[in-house]
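Take a look at the structure below.
The values are calculated or read from the model by the stated rules, or taken from the named source; none is laboratory data. Since this is a predicted model, take the numbers as computed values, not measurements. We place every Cβ from the backbone using ideal geometry, glycine too, and count neighbours over all the protein chains shown. The area values use the complete protein model at the heavy-atom level, side chains included, leaving out ligands, DNA and RNA. Shrake-Rupley method; radii C 1.70, N 1.55, O 1.52, S 1.80 Å.
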Amino acid sequence: MRIDEHPILKFERGKQIQFVCDGKPIEAFEGETIAAALHAAGIKTLSHSVKEGRPRGFFCAIGKCSSCMMQVNGVPNVKTCMVLAEQDMEVTSQTGWGKLGQVDARQDYNRKKIPVIETEIAIVGAGPAGLSAALYASRFGAKCMVFEENTQVGGQLIKQTHMFFGSKDHHAKVRGIDIGQKLIDGLNENVQVLTGTPVVGYYPDKELAVIKDRRLTIIKAEKVIVATGASENMLSFPNNDLPGVYGAGAVQTLMNVSGILPGKNMLMIGAGNIGVIVAYQLLQAGVKVEAVLEALPTIGAYQVHASKLRRCGIPILTRHTIKRAFGDGKVEGATIVELDDNWQEIPGTERDVQVDTICLSVGLKPTTEIFEMAGCTMAVIPELGGEIPVRGHNMMTSVDGVYVAGDASSIEEASSAMLEGRMAGLDAVEKLKGVSEEISKEKQHVKDSLDELRAGPFGEKIRQGEAKLEEACK
Amino acid sequence: MNKNYDVIIIGGGVIGTSTGYYLSKSGMKVLLLEKDYLTAGSTGRCITGVRQQFSTPATIRTAMSAVKLFENMKDELGVDVEWTNSGYMFMAHDEAKVEAFKKNIEIQRKFGLDVSFITASEAKALVPHLDTDQLLGVAWCPSDGQASPFKVVLGYARGIRDNGGSIITRQEVTDIIVEDGHVKGVTTAAGVTYHSSRVINCAGPWAREVGLMAGIDLQVEPERHEALITDGVQYENMPMLVDYRADGGYFVQRVTGQFIGCFTPEVQVPGKDKSSTLEFMKEMSRRMCKIVPALENVAILRQWAGSYCMTPDGSPIVDETPVKGLYCSVGMSGHGFMLGPALGKFLAEYIVDGTWPFDMSEFAYGRKFGDKEAMA
């Protein structure tokens, strides 16, 4: 179902087009992904699993979970959440793997050249961290290329309709969607941003393997800034793979980017900031939120967000979790249960709620494959989200000239991601173009600003994590 | 704790676990020591192919025995090892290859192998996705196949434990104890000594270092080989396609859907380096598309490298060494997974009752190294 009216967002849809899915015509708009268009048409089952043939819908909507893979124009295993719908496209659902299609004509593979592009700074990911890195590195004269695997730039900012906190430097009182646009508008001619262009490999001497226009391209860079973000955690319970179980980020993408409702009524698991904010956004979009469950005895979200929900009469049930989902081929409800002090289910407290959507907001995990390929020293620091590359205050990893920024470095907020990106960009350009007073001043400012952001009770966990990271650096 | 064993095996790949399995089955008290985890060496890095198309009597017969063991492995070990008779096709693009393959086929048939030289169009009928440009024909053996190296090792390891044997991983052997020309046991990095009058070197790429611990200098050298695997597509029963041209390669579709393959580098890379190169990824994808153009639309999932343990003639060394009680099953030269089950069984039988199933002098410790194996 498409959202027509929204209190904050206005959906400017592109030209109406039509494609074919399993023989049926599907209406879509230019600029929306295949998966989004199928959702709007009420199709939530996108594939069936390889081993058990179970129905699958997408979980993440940003190309990380692989359960939206379909055959598109003969090409198998296309992640339909990352590919835009086109007029007359032929989409087929897959049971397990796709089929090895035919190619029209034999090509002279010996003569096929693999393009090589050189740049000063290659930035992986066009979210808040990556864009900030590009913004500041380019301002001081570095040529930057930013590679984004999704169809839009801005990362998770493009779905954040809430206002940010902090000081002016942290974009306080500005909505996430507008911050993203501000970053994009600020980029100068030194920056080239490529969407739909995933980086699939890191090789010695800062060579990146990139898929551009569905073909391998090699990028040779002098510095590499990796801002790959994070993926959403899954929670284990029976039937957690049913279509209708989404990550909170996926729900935001559907709702706030594509203007499509994920369902009619829903259950949110996790009362951290993301869970509570997304539950409120669902309410704004017209979805009935049955309850927000939190296994901890306390609500993790800022009180201002939680209060907004409670004022609307949405129960936030602490010491509660989901026991199972149920439904025939799709989510039709969930059994929830109370937990005791030792996280054990209290028998007899089970009850069923009738919902068509279950949203999981149970934490994020840094996306770190590129660091592993680059041979960066890694450390496991639970306070920062798990396994992350070891890095200094300048955001450089143990591999010279390879930087990290944003959620890939530690699970925090967009505000800190932007500052980390800025720091990485500044350090990279300083090493390329030479030390200047202006850059040094900027770096000091960013460092102070990050400290300020992490001050106070909410920053305590991050401060503990940072301390462990300092230890790991020694 | 009693640290006396009937036999100690060094190495937890297919060679070590199969040998250990058959020894434990015959009633021996087996200890297997692995310095990393099971399959961490060459076995877990191989491309899963099992062929019988070799060119010397002992290799052909060993490989044929191995295929029989693979066929029955599910019953023998209680683990479905994904054995599938998907076959091997050796592609001939010039007359010299045609002749060489036909000559090999003649030898292979003497031992009862069902193998034949078929035309390019016959090959195309079997593999519709095959590009037959300049292809003169293929050597085709439908009973060759593939299996999962991880499941095979898992099955053998379980068997060892079920038969009362012990497997200790992350336990590196640092010394072999020899007294008066007889092996007495091993010492590990943890400082533990295990006693036995029989020790078997199944250390793959580390075989030379292990041999030297007992003063035995094996003529083996590790060599780096790279491999990659693609995303899966629906299984089409494609055989291992082997293109031995200078710009060729070999790959097979796993029964689980992915294409897995590698090529032999023009210049050999000695050593145990396991890093991956961009050059291999670019080159291998190009070579695979040349043979099966439809692969153009399939994504690469991952790439890695592993070590072949090479002997000068490309045949393994499976024998007792001059140190009494010290055996070796090493130098697989890229064929460890396919020959492993049979070599494990043969060596176990030799240790238990002193006989080989047929003339194994091709694999003897003291042999003179001459010609390279034609289909290495």
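Enter the mean projected area of the convex hull around the alpha-carbon atoms of the stretch A:223-265, in nm², rounded to one decimal.
With every direction weighted equally, the projected area is 4.7 nm².
Which of the residue pairs B:LYS74/B:LYS110; A:LYS51/A:LYS79; A:LYS51/A:LYS212; A:LYS330/A:LYS365; A:LYS64/A:LYS330 have a Cα-Cα distance greater than 23 Å in the structure shown?
B:LYS74/B:LYS110; A:LYS51/A:LYS212; A:LYS330/A:LYS365
What FRET efficiency comes out for A:LYS447 versus A:GLU345 if R0 is 35 angstrom and r is the Cβ-Cβ distance? Round to the nearest 0.05.
About 0.15, to the nearest 0.05.
In whole percent, and with a 1.4 Å probe on the protein chains, what portion of the accessible area of the stretch B:40-98 is carbon and sulfur?
Solvent-exposed carbon and sulfur of the stretch B:40-98 make up 46 percent of the total.
For B:LYS290, list the aspartates and glutamates whose Cα falls under 15 Å from its own Cα; do not include residues on the same chain fewer than 8 positions away.
Cross-link targets: A:ASP104, A:ASP108, B:ASP131, B:ASP133, B:ASP243, B:ASP247.
What 222 nm value per residue comes from the helices of chain B, counting each DSSP H run with n ≥ 4 as -39,500 (n - 2.57) and dividing by all residues, nearest 500 deg cm²/dmol?
-9000 deg cm²/dmol
Treating only the Cβ of Lys, Arg, Asp and Glu as charged (+1, +1, -1, -1), what charge dipole size does the stretch A:16-95 show about its Cα centre? Round to the nearest 20 debye.
The dipole of the stretch A:16-95 has a size of about 520 debye.
Can you figure out the FRET efficiency of B:SER275 with A:ASP213, using R₀ = 30 Å and their beta-carbon distance, to the nearest 0.05?
For R0 = 30 Å, the calculated efficiency reads 0.55.
Sorted by accessible area (1.4 Å probe), largest first, how do A:LEU453, B:LEU135 line up?
A:LEU453, B:LEU135
Please pull out the direction-averaged projected area of the protein assembly as shown, using the convex hull of its alpha-carbon atoms, in nm² to one decimal place.
39.1 nm²
Just the number, please: carbon plus sulfur as a percent of the accessible area of the stretch A:114-166, 1.4 Å probe, no ligands or DNA/RNA counted.
56 percent
If I take every Cα pair under 8 Å that is 6 or more residues apart in the stretch A:16-95, average their sequence separation and divide by the length, what percent do I get for the relative contact order?
Contact order relative to length: 37 percent.
Let me cross-check B:ARG161: its accessible surface, 1.4 Å probe, with only protein heavy atoms counted, in Å² to the nearest 10?
Rounded to the nearest 10, that gives 120 Å².
Which of B:GLY181, B:GLY331, B:GLY261 moves most in a GNM of chain B, Cα contacts under 10 Å?
For chain B, modelled as a Gaussian network with Cα springs under 10 Å, the answer is B:GLY181.
Inside 10 Å of the C-beta atoms of B:226-238, what's the mean count of C-beta atoms belonging to other chains?
3
Give the cross-link partners of A:LYS431 among the lysines, using a straight C-alpha distance below 20 Å as the criterion and excluding same-chain residues fewer than 8 apart.
List returned: A:LYS143, A:LYS206, A:LYS220, A:LYS223, A:LYS441, A:LYS443, A:LYS447.
Compute the Kirkwood hydrodynamic radius of the stretch B:11-112, taking the inverse of the mean of 1/r over all pairs of distinct Cα atoms, and give it in Å to one decimal.
16.1 Å
Please work out the ratio of the alpha-carbon Rg of the stretch B:84-196 to 2.2 N^0.38 Å and round it to two decimals.
Normalised Cα radius of gyration, the stretch B:84-196: 1.78.
Once you have all Cα-Cα distances for the stretch B:147-189, histogram them in 5 Å bins from zero and send the whole-percent values.
Taking all Cα pairs of the stretch B:147-189, the binned fractions are 5, 18, 15, 16, 18, 15, 8, 3, 1 percent.
For a quick check, take a GNM of chain B with Cα springs below 10 Å and name the residue from B:LEU278, B:LEU154, B:LEU126 with the largest mean-square fluctuation.
Largest GNM mean-square fluctuation: B:LEU278.
Using the alpha carbon gyration tensor of the stretch A:16-95, what are the three equivalent-ellipsoid semi-axes (square root of 5 times each eigenvalue), largest first, in whole Å?
So the equivalent ellipsoid measures 19, 13, 11 Å along its semi-axes.
So what is the orientation-averaged projected area of chain B, using the convex hull of its C-alpha atoms, in nm²?
Projected area, direction-averaged: 17.7 nm².
For chain B, set up a GNM with springs between Cα atoms under 10 Å and report which of B:PRO239, B:PRO222, B:PRO270 has the largest fluctuation.
So, out of B:PRO239, B:PRO222, B:PRO270, the one fluctuating most is B:PRO270.
How crowded by other chains is A:207-218, given as the mean number of beta carbons from other chains within 10 Å of each beta carbon?
2
In deg cm²/dmol, rounded to 500, what helix-only [θ] at 222 nm does chain A give when every DSSP H run of at least 4 residues adds -39500 (n - 2.57) and the total is split over its residues?
About -7500 deg cm²/dmol.
Based only on the alpha carbon positions, what is the Kirkwood hydrodynamic radius of the stretch B:1-53, in angstrom?
That comes to 12.3 Å for the stretch B:1-53.
For the stretch A:245-361, which whole percent of the accessible surface, found with a 1.4 angstrom probe, sits on carbon and sulfur atoms?
C and S fraction of accessible area: 48 percent.
Just to be sure I understand the model, the point goes 7 Å from the Cα along the line to the Cβ. What's the resulting A:ARG324 to B:TRP356 distance in nm?
For A:ARG324 paired with B:TRP356, the spin-label model returns 6.0 nm.
Kindly state, as a whole number, the per residue volume in cubic angstrom of the convex hull around the alpha carbon atoms of chain A.
Once divided by residue count, the hull of chain A is 158 Å³.
Using a 1.4 Å probe on the protein heavy atoms only, what accessible surface does A:LEU84 show? Give it in Å² to the nearest 10.
Its heavy atoms expose roughly 60 Å² to the probe.
What does the accessible area per residue of the protein assembly as shown come to in Å², with a 1.4 Å probe and no ligands, DNA or RNA counted?
41 Å²
Calculate the translational D of the stretch B:312-357 in whole µm² s⁻¹ from Stokes-Einstein, where the hydrodynamic radius comes from the Kirkwood formula applied to all Cα pairs, the temperature is 37 °C and the viscosity 0.692 mPa s.
295 µm²/s
Chain pair B, A: how much accessible area is buried, both chains summed, with a 1.4 Å probe, in Å² to 100?
Roughly 2400 Å².
For the stretch A:245-361, just list the percent of Cα-Cα distances falling in each 5 Å bin from zero outward, please.
Distribution as computed: 2, 13, 24, 24, 21, 11, 4, 1, 0 percent.
Any chance you could check the stretch B:287-334 for residues losing 10 Å² or more of accessible area when the partner protein chains are in, compared with the chain on its own (1.4 Å probe)?
Residues shielded by partner chains are B:CYS289, B:LYS290, B:PRO293, B:ALA294, B:GLU296, B:ASN297, B:VAL298, B:GLN303.
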